[in-house]
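Rule-based calculations on the coordinates, nothing more; no lab input. Only a predicted model underlies this, so the values are computations on that prediction, with no experimental measurement involved. With ideal geometry, Cβ positions are generated from the backbone for all residues, glycine too; neighbour counts draw on all protein chains shown.
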């Protein structure tokens, strides 16, 4: 059964139809990759699901509840987490304090100068960090972390609201191959353990073909293909689109099996 259902989604900017009638579904326990060349409409689609952009047409439902017209904060409280292409953390706070701030947001609480936010649900924050392999570095400032570790902390932050759906925007951007695979293997494990759904955009095709359960491909705002990774690799229209951008799936296949 589908957790997220996107139907006939549309968005225009002036005379440019950025997203044109896009439909897809994501089930609990599934990683769905959203790919396409630059300008395909990936980011616009992604931001409409998250509520940062409002769709001009169509429907986006989570567990049957319409999301269009809701603010990002409301969508967050309804069980949608998100990570960003450039990791979003508070560099001056410790690792555990970053996760505690997310837990405060999930609880919809505001803390005054007279109440220590650092005392809020510390045990649960540490448990989230343990799930991403960062508990040992809980009291280090985020500014002292390697970039791959910052991305792990961001993942723990995104899970603070116990998301049903996790949106990951270019999760491995700026990471070395070993770091990319470690992060996505961790994400895959969490998807299975928590039964959550993941929708992610990604330019590293080696990551996509190894870890995605299914893929959807956009080009010029329209959905041109959907299916299992092997089906997408051999899809003539997808080959044509990526050949035009200078990318070949044969190289990606070799990279994924190296």
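Peptide packing: for 124-130, 151-157, 138-144, the average count of neighbouring Cβ atoms within 10 Å per residue gives the ranking 151-157, 124-130, 138-144, highest mean first. Enter the Cα centre distance for the pair the stretch 77-109 and the stretch 208-233, rounded to the nearest angstrom. Between the Cα centre of the stretch 77-109 and that of the stretch 208-233, the gap is 30 Å. Dividing the Cα radius of gyration of the stretch 124-197 by its Kirkwood radius returns 0.94 for Rg/Rh.
With the gyration tensor restricted to C-alpha atoms of the stretch 35-169, the semi-axes of the equivalent ellipsoid amount to 29, 18, 12 Å, longest first. Size descriptors for the chain, from the alpha-carbon set: Rg then Dmax equal 18.6, 63 Å. Each of 198, 19 has some number of other Cβ atoms within 10 Å of its Cβ, and from fewest to most they run 198, 19. Over the chain, DSSP H runs of length four or greater, each weighted -39,500 (n - 2.57), average out per residue to a 222 nm ellipticity of -11000 deg cm²/dmol.
What the Cα convex hull of the stretch 1-113 gives, in volume per residue, is 151 Å³.
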